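Each remark here refers to the structure printed beneath this line.
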Amino acid sequence: MVSVLFVCLGNICRSPMAEAVFRHYVIEAGLENKIHIDSAGTGDWHIGEPPHQGTMLKLKEYGVSSEGIYARQVKKIDFDQFQWIIGMDTSNVENLHKIAQTTHSHVYPFIQFIPGTTYEGVPDPWYTGNFQETYDLVQQGCKNLLNEIVTKQGLSNK
Ligand code: 4NP
């Protein structure tokens, strides 16, 4: 089983959006039994809450399910349990390295999966209010991430 964890600050805007969109593509590819997907926040303010209404509305608009997604905080054990830990922006990646207490080799910046972009990270709609901008980036990155995982890990839906 391949495992992927998306991480942002609050786990209510960007990383649950990425979790939902990535799961949508994984199901479309028939790989739902081979890839485990989750999201978490480095902060603890929203533990147990569903995604932000802006994230929920954007997912609904694109026909992507957000069922069963509730905020949780990153735990040290996540570094042992997830092979792909994706930080939504540069500060999320820095925080992940701090929590892991090492430069952890399973941690990747989400923006790495959008080649040629001028963005340094996925903008936080908690501050920008622009859920469409975030959704567009999440969609592109999730598509490329799935292709990369399928290629690198040699996955097929058989
Ligand atoms: P997220 O956005 O990291 O994309 O979930 C935020 C949500 C909540 C807060 C900050 C960022 N907050 O400070 O509560």
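The values are calculated or read from the model by the stated rules, or taken from the named source; none is laboratory data. Keep in mind that what you see is a predicted model, and the values were worked out from it rather than measured. Cβ coordinates were reconstructed from backbone atoms using ideal geometry, including for glycine residues, and neighbour counts include every protein chain displayed. Areas reflect the complete protein model, heavy atoms only, side chains present, ligands, DNA and RNA absent. Shrake-Rupley method; radii C 1.70, N 1.55, O 1.52, S 1.80 Å.
Does at least one position in the stretch 83-106 carry a residue that is open to solvent by 10 Å² or more (accessible area, probe 1.4 Å), assigned to a loop (DSSP other than H, G, I, E, B), within 12 Å of the ligand (Cβ to nearest atom) and not hydroxyl-bearing (S, T, Y)? Checked against the condition, which is being open to solvent by 10 Å² or more (accessible area, probe 1.4 Å), assigned to a loop (DSSP other than H, G, I, E, B), within 12 Å of the ligand (Cβ to nearest atom) and not hydroxyl-bearing (S, T, Y), the stretch 83-106 yields at least one hit. Of the residues making up the stretch 12-28, those that are more than 10 Å from the ligand (Cβ to nearest atom) and either touching a Leu at 6+ places or on another chain (Cβ under 8 Å) or open to solvent by 50 Å² or more (accessible area, probe 1.4 Å) (or both) are A20, V21, F22, R23, H24, Y25, V26, I27, E28.
For the residues L59, L31, L9, the requirement of being under 14 Å from L96 (Cβ atoms) and either surrounded by 15 or more Cβ atoms within 10 Å (Cβ to Cβ) or without any contact (Cβ under 8 Å) to a residue 24 or more places away in the chain (or both) singles out L9. Can you find a residue in the stretch 119-128 that is open to solvent by less than 60 Å² (accessible area, probe 1.4 Å), modelled with pLDDT of 95 or more, closer than 17 Å to T42 by Cβ and touching a strand residue (DSSP E or B) at 6+ places or on another chain (Cβ under 6 Å)? Looking for residues that are open to solvent by less than 60 Å² (accessible area, probe 1.4 Å), modelled with pLDDT of 95 or more, closer than 17 Å to T42 by Cβ and touching a strand residue (DSSP E or B) at 6+ places or on another chain (Cβ under 6 Å), one finds none in the stretch 119-128, hence no. If Y70 satisfies every condition in (1) within 16 Å of the ligand (Cβ to nearest atom); (2) without any contact (Cβ under 8 Å) to a residue 24 or more places away in the chain; (3) in a helix (DSSP H, G or I) but one, which is the exception? Among (1) within 16 Å of the ligand (Cβ to nearest atom); (2) without any contact (Cβ under 8 Å) to a residue 24 or more places away in the chain; (3) in a helix (DSSP H, G or I), the lone unmet condition for Y70 is (3).
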